[in-house]
1. Counting just the residues of segment 16-57 that are among the polar types (S, T, N, Q) and closer than 20 Å to residue 112 by Cα, which one comes out surrounded by the fewest Cβ atoms within 10 Å (Cβ to Cβ)?
2. Report yes if residue 13 is modelled with pLDDT of 95 or more and either surrounded by 16 or more Cβ atoms within 10 Å (Cβ to Cβ) or at negative phi (or both), otherwise no.
3. Restricting to segment 105-123, give me the number of residues that are outside any loop (DSSP other than H, G, I, E, B) and surrounded by fewer than 19 Cβ atoms within 10 Å (Cβ to Cβ).
4. Please state which of the following conditions residue 64 fails to meet, knowing it meets all the rest: (1) modelled with pLDDT of 95 or more; (2) more than 10 Å from the chain's Cα centre (by Cα).
Amino acid sequence: MELIDLIPNSMSFRVITTIDVNDESEIPVGFTGRVKHHENGSVVYVAWYQDGQLHNPGKHHPAYRRFRPDGRLKYEMFYTHGLLHDPSDLVPAVRGYYADGTVHYEERYFGGRRNDAKDGTPAIRKWRLDGALRHELRYTQGRRVDAPDAKPRARTSSRPPASPTG
């Protein structure tokens with residue numbers, strides 16, 4: 001089923017085409033708009049496309065959000081022209097959440113390749129459910145690299161805030 005939504009956009013409205021699908025083969029080639037994938041009566045994911053490629057509809061809204069069977073956010077991914085890409089220096093391209101809404105992991109990308117953030121934040125960070133940092137991995141242009149200081153150090157990285165829909 002195809003719907004047309006009007007979404008406020010500053011002083012005007014944006015027209016958004018939304019299709020509800022039960023199978024990814026139902027997504028038209030070159031589609032621009034929002035796709036809601038349903039399974040067993042609930043939304044599995046919501047994806048935004050531009051010219052057939054995943055693309056963020058806005059700087060603060062990811063191109064892809066996957067949900068748990070209870071409707072809570074499982075993970076979200078930011079894309080630019082079909083490639084994973086951090087939307088800003090403070091927001092990673094991929095962020096996964098535990099069932100309670102706390103952050104489980106973050107992955108940073110630049111142009112579709114894993115890459116440490118400009119401020120030196122490792123490309124991959126994972127936390128335990130209790131909030132303790134599990135591990136960090138560093139990448140440059142998609143290749144894993146050793147940490148600049150190979151000495152063991154205390155894990156002090158704080159967990160980001162809980163999911164926005166949690």
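The values are calculated or read from the model by the stated rules, or taken from the named source; none is laboratory data. Only a predicted model underlies this, so the values are computations on that prediction, with no experimental measurement involved. Heads up, the Cβs are rebuilt from the backbone with ideal geometry, glycines too, and the neighbour counts pull from every protein chain shown.
1. Only one residue tops the list, namely 53.
2. Values: modelled with pLDDT of 95 or more: no; either surrounded by 16 or more Cβ atoms within 10 Å (Cβ to Cβ) or at negative phi (or both): yes.
Taking the combined requirement at face value, the residue does not satisfy it.
3. As a first pass, look at segment 105-123 and keep what is outside any loop (DSSP other than H, G, I, E, B): 105-107, 109-110, 113-114.
With the extra rule that they be surrounded by fewer than 19 Cβ atoms within 10 Å (Cβ to Cβ), the set shrinks to 105, 113.
Count: 2.
4. All conditions are met except number (2).
Per-residue answers, yes or no, for (1) part of a strand (DSSP E or B); (2) at pLDDT 90 or above; (3) surrounded by 17 or more Cβ atoms within 10 Å (Cβ to Cβ):
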residue: 126; (1), (2), (3): yes, yes, no
residue: 139; (1), (2), (3): yes, yes, yes
residue: 144; (1), (2), (3): yes, yes, no
residue: 148; (1), (2), (3): no, no, no
residue: 156; (1), (2), (3): no, no, no
residue: 161; (1), (2), (3): no, no, no
residue: 164; (1), (2), (3): no, no, no
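A quick yes/no check of all residues on (1) in a strand (DSSP E or B); (2) polar (S, T, N, Q):
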residue: 16; (1), (2): yes, no
residue: 25; (1), (2): no, yes
residue: 31; (1), (2): no, no
residue: 37; (1), (2): yes, no
